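*Asks:* Handing you this structure, nothing more for now.
Just so you know, all these numbers are worked out from the coordinates, no wet-lab data involved. This is a predicted model, so every value here is computed, not measured. Cβ: placed from backbone, ideal geometry, glycine included. Neighbour counts: every protein chain shown.
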Amino acid sequence: MSSSISSSSRSRKSDVFLSYHDKDTCKSFASDLYSALTQAGLVVDINHNNLTSGDQTNFSAIEASRTSIIIFSSNFDASTWFLEELEQILECGRTIGQVVLPVFYVVDPSDVRRQVGIFGKAFEDLIAQRILTNNESMRYKEALIEASSIAGFLVMSSR
């Protein structure tokens with residue numbers, strides 16, 4: 001993750017960056033949200049899952065957005081890429097005033113904050129499999145606590 005936000009991010013290319021994990025059931029929710037935002041006339045950038053961890057293309061798209069919407073779901077933290085993306089989004093919120101809006105899709109915000117329940121199991125699996133170093137584990141836990149402490153939306157069902 002970059003330690004500073006580039007000056008090129010000052011010229012915004014999109015209104016919203018939409019971050020979600022497409023391997024779980026929120027894919028249709030994210031698609032519906034994307035459609036609603038674009039129908040409202042907003043320019044929306046979506047995370048691209050074919051990018052490799054640390055790919056600067058997504059970081060540039062995050063930096064170039066006015067708002068980032070993070071959809072937390074039971075599998076959100078199952079990938080280090082999304083945790084890196086989360087860190088970048090939070091950094092943009094702190095340093096360039098980007099609006100960060102969490103959406104808790106069929107997951108309790110307190111489960112995200114404390115890394116418990118179904119949400120927490122995936123995070124613990126990354127630690128148990130030694131995919132995360134101790135330093136990464138602490139950084140990502142802090143990012144999850146910070147993001148889940150931001151006022152957002154709770155969606156317990158898409159129907």
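*Asks:* For the stretch 61-107, how big is Rg over Rh, using alpha carbon atoms and the Kirkwood form of Rh?
*Replies:* Numbers: Rg = 10.7 Å, Rh = 11.0 Å.
Looking at the stretch 61-107, the ratio lands at 0.98.
*Asks:* Can you list, largest first and rounded to whole Å, the semi-axes you get for the stretch 86-147 by taking the square root of 5 times each eigenvalue of its Cα gyration tensor? Please list the in-between numbers first.
*Replies:* Values: eigenvalues 92, 52, 11 Å².
They are 21, 16, 7 Å, listed largest first.
*Asks:* With +1 on each Lys and Arg Cβ and -1 on each Asp and Glu Cβ, and nothing else charged, work out how big the dipole of the stretch 69-159 is about its Cα centre, in Debye to the nearest 20. Spell out each step's value before the answer.
*Replies:* Working: 8 positive and 12 negative charges, 41 e Å.
In total the dipole reaches around 200 debye.
*Asks:* Sticking with this one: Assigning unit charges at the beta carbon (Lys, Arg +1; Asp, Glu -1) and nothing else, what dipole magnitude in debye, to the nearest 20, does the stretch 61-115 show about its Cα centre? Could you put the intermediate results ahead of the total?
*Replies:* Working: 4 positive and 8 negative charges, 42 e Å.
Magnitude of the dipole: close to 200 debye.
*Asks:* Taking the Cβ-Cβ separation of Glu146 and Thr80 as r and a Förster radius of 22 Å, what is the calculated FRET efficiency to the nearest 0.05?
*Replies:* On the way: r = 17 Å, r/R0 = 0.79.
Efficiency, rounded to the nearest 0.05: 0.80.
*Asks:* Another question about this same structure. Spelling out what I want: for every residue of the stretch 115-125, take phi, set θ = phi - 60°, compute 6.51 cos²θ - 1.76 cosθ + 1.60 (Karplus), and round to whole Hz; glycine and proline get x.
*Replies:* The phi angles translate into 6, 10, x, 4, 4, x, 4, 4, 5, 4, 4 Hz.
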